[in-house]
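In what follows, a single structure is set out as structure tokens and then discussed.
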Amino acid sequence: MTDDVDLLARYDAQLRGENEALGAERRVRLGPLWISTLVGGRGFITSRRLDGPEGDDLRALVGAALAEAASDPSVVEVEWKTRGHDGVRDALHEALVEHGFVPQEPESIMIGAAELLALDLPLPEGVVLRSVTEPDDVRRASAAADELFGEEPSEHHVGDALDRIARGAEVWVAEADGLVVSTGRLEPVPGTDFAGIWGGATRPEWRRRGVYRALTAARARSALRRGVRWISSDSTEWSRPILERSGFARVSTTTPYEWHR
């Protein structure tokens, strides 16, 4: 049996740092940080477990990282991904806010064995699950996710999804009468025994009807077919209870901080 401490150690070792933002257009290493430029004018900063530096050194590191990310004039927003179990959490919060970053809603880092989710679950009548790869289908899935996350439909997001598919990710949809009612991705992490489930979103009128859970189960079955052992998810308060009921562990939290030019 794998305990929560071991799962967190696996997370820190396999899913942080160079294994994040694998499809970046540009990546720079700055001390303990990885600074990436993504499609659509987005910057992304992350690290392995961060337990130092402190004080002025930490503030200087944040300033240097932001300067590096913003040195590309096409970058209009930067996300700094923090974790609740890092030793510099409070000091990093202060340094980020000083440099104009705004904290977003924290999410729970959930990890569990793929087989815990790979169940054969019933669907509401008329709902169909499938993995999509054709550009028109991916565009519909992306538009639904944008709508449900309160964003405008973005061709950048469509291009990003197609690029992820080309690198081995899967985009899944649940449809009813041709309408995408739920969507989410499966992203195996090369060189590890992990895959992530990301981008889960369900229309409000279809929540609490088993659609998201069935969509998650379909992704888990696909993960097992691909030899994946563990699944991770940064979960909102909507999806966290579903994973907890399936036996997943909440090993920590993650909070994105956003800077806009």
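Where a number appears in this text, it was derived from the coordinates with a stated rule and is not lab data. In this text, all values refer to a predicted model and were calculated from it rather than measured experimentally. All Cβ positions, glycine included, derive from the backbone under ideal geometry; neighbour counts span all protein chains shown.
Under 13 Å from the Cβ of ALA161, count the other residues' Cβ atoms, weight Lys and Arg +1, Asp and Glu -1, and hand me the total.
Details: positive: ARG139, ARG140, ARG164, ARG167, ARG185; negative: GLU134, ASP136, ASP137, ASP146, GLU155, ASP160, ASP163, GLU170, GLU187.
Around ALA161, the surrounding residues sum to -4.
Is the shape of segment 4-108 best called rounded, prolate or oblate, per the rule: a/c under 1.5 gives rounded, else a/b larger than b/c gives prolate, else oblate, with a ≥ b ≥ c the square roots of the Cα gyration tensor eigenvalues? Don't skip to the end; give the middle numbers.
Values: a/c = 1.68, a/b = 1.19, b/c = 1.40.
Oblate.
Are there trypsin sites (Lys or Arg not before Pro) in segment 1-47 that DSSP marks as loop and that have at most 10 other Cβ atoms within 10 Å, and which are they? Present the calculation step by step, with values, prior to reporting the outcome.
Numbers: sites: ARG10, ARG16, ARG26, ARG27, ARG29, ARG42; in loops: ARG16.
Here no trypsin sites (Lys or Arg not before Pro) fit, given the DSSP loop and packing criteria.
Between GLU147 and GLN14, what is the spin-label point distance in nm, taking each point 7 Å from the Cα along the Cα→C-beta axis?
So the label points at GLU147 and GLN14 sit 3.7 nm apart.
Run through segment 208-241 and list the trypsin sites (Lys or Arg not before Pro) located in a DSSP loop whose Cβ has at most 13 other Cβ atoms within 10 Å.
On the way: sites: ARG208, ARG209, ARG213, ARG219, ARG221, ARG225, ARG226, ARG229; in loops: ARG208, ARG209, ARG226, ARG229.
Loop-located and lightly packed - ARG208, ARG226.
Given H placed 1.01 Å from N in the peptide plane, which residues other than close sequence neighbours of ARG48 have an amide H under 5 Å from its amide H?
The list, which skips near neighbours in sequence, is GLY17.
Label point 7 Å out from ARG167 along Cα-to-Cβ: which residues of segment 180-202 have amide N under 20 Å?
184-200
Just want to confirm a number: the relative contact order over the chain, from Cα pairs under 8 angstrom separated by 6+ residues, in percent. Could the numbers behind the result be given before it?
On the way: 486 pairs, mean separation 67.8, N = 261.
Relative contact order, the chain: 26 percent.
Counting only helical runs of four or more DSSP H residues, what would the 222 nm mean residue ellipticity of the chain come to if each run contributes -39,500 (n - 2.57) and the total is spread over all its residues?
Values: 7 runs with 84 residues, N = 261.
For the chain, the value works out to -10000 deg cm²/dmol.
Report, to the nearest 10°, how far helix 55-70 tilts away from the longest principal axis of the Cα atoms in the chain, using its own Cα long axis and a range of 0 to 90°.
The answer is roughly 60 degrees.
For segment 11-105, calculate the relative contact order in percent as a whole number, restricting contacts to Cα pairs under 8 Å that are 6 or more residues apart.
Values: 128 pairs, mean separation 23.8, N = 95.
That works out to 25 percent.
Calculate the FRET efficiency for GLU134 and GLN104 from the Cβ-Cβ distance with a Förster distance of 45 Å, rounded to the nearest 0.05. Present the calculation step by step, with values, prior to reporting the outcome.
Details: r = 32 Å, r/R0 = 0.72.
Efficiency for this residue pair is about 0.90.
Taking only Cα atoms, what is the 0 to 90° angle, nearest 10, from helix 211-225's long axis to the longest principal axis of the chain?
Approximately 80 degrees, to the nearest ten.
For the chain, what does the alpha-carbon gyration tensor say about shape, rounded, prolate or oblate, given a ≥ b ≥ c as the root eigenvalues, a/c under 1.5 as rounded, and a/b over b/c as prolate? Intermediate results must be reported in sequence, preceding the final value.
Details: a/c = 1.94, a/b = 1.44, b/c = 1.35.
Prolate, because a/c is 1.5 or more and a/b exceeds b/c.
How tilted is helix 89-98 with respect to the longest principal axis of the chain? Cα atoms for both, answer in degrees (0 to 90, nearest 10).
70
Just report the Cα centroid separation between segment 41-75 and segment 90-166, whole Å.
24
What does the net charge come to around LEU186 if you take all other residues with beta carbon closer than 12 Å to its beta carbon, with K and R at +1 and D and E at -1?
Working: positive: ARG164, ARG185, ARG219, ARG221, ARG225, ARG226; negative: GLU170, GLU187.
Residues near LEU186 contribute +4 overall.
Using the Cβ atoms and a cut-off under 9 Å, what net charge is assigned to the surroundings of GLU107, where Lys and Arg are +1 and Asp and Glu are -1? Please report the intermediate quantities before stating the final value.
Numbers: positive: ARG240; negative: GLU105, ASP234, GLU237.
Surrounding charge for GLU107 is -2.
Looking at the chain, which longest stretch skips every one of the chymotrypsin sites (Phe, Trp or Tyr not before Pro) that is in a DSSP loop with at most 16 other Cβ atoms within 10 Å, leaving the sites themselves out?
Details: sites that count: PHE149, TRP238.
Of all site-free stretches, the longest is 1-148.
Fully extended, how many nm does the chain gain between LEU121 and SER71 (0.36 nm per residue separation, minus their Cα-Cα distance)?
Numbers: separation 50, 0.36 × 50 = 18.00 nm, distance 4.87 nm.
Extra length available between LEU121 and SER71 comes to 13.1 nm.
Which residues make up the longest stretch of the chain clear of GluC sites (Glu not before Pro) that lie in a DSSP loop with no more than 15 other Cβ atoms within 10 Å, not counting the sites?
Answer from the scan: 152-236.
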